[in-house]
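Everything on this sheet refers to the single structure shown next.
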Amino acid sequence: MDITLPLEKMTAEDKLRVMELIWADLSRNEADVPSPDWHGHVLREREERIRSGQEQFMDWEAAKKQLRDRLS
């Protein structure tokens, strides 16, 4: 199926609306959207970093505060 949208005539708001509609449709059937192989690789690396103590979890509120402190 070949679909052409008039992207040059669409506003940024129109484009975002279309993207949101497509994402909502894809999200209804997550099993139909395959996860790329590299996702598994990244997840395994992160799990190993947590196991080895190189990384750790942080409370979301603490993470937001840390980010805000860095930016101010």
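Tell me yes or no: at least one residue of the range 34-45 is more than 30 Å from residue 22 (Cα to Cα) and either of a type in the set (Lys, Arg) or in contact with an Asp or Glu (Cβ under 7 Å, 6 or more places away or on another chain) (or both).
No - not one qualifying residue is present in the range 34-45.
For the range 8-31, which residues satisfy the criterion of being among the polar types (S, T, N, Q) and more than 16 Å from the chain's Cα centre (by Cα)?
Hits for the range 8-31 are 11, 29.
Results for (1) aliphatic (A, V, I, L, M); (2) within 16 Å of the chain's Cα centre (by Cα), shown as yes or no for each residue.
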site: 6; (1), (2): no, no
site: 33; (1), (2): yes, yes
site: 38; (1), (2): no, yes
site: 45; (1), (2): no, no
site: 49; (1), (2): no, no
site: 52; (1), (2): no, no
site: 57; (1), (2): no, no
site: 62; (1), (2): yes, no
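Which of the residues belonging to the range 26-53 are in contact with a helix residue (DSSP H, G or I) (Cβ under 8 Å, 6 or more places away or on another chain) and not acidic (Asp, Glu)?
Residues satisfying the conditions are 26, 33.
Values quoted throughout were computed directly from the atomic coordinates according to the rules given, and no laboratory measurement underlies them. What you see is a predicted model; the values in this text were computed from it and never measured. Note that each Cβ is placed from the backbone with ideal geometry, even for glycine, and that neighbours are counted across all protein chains shown.
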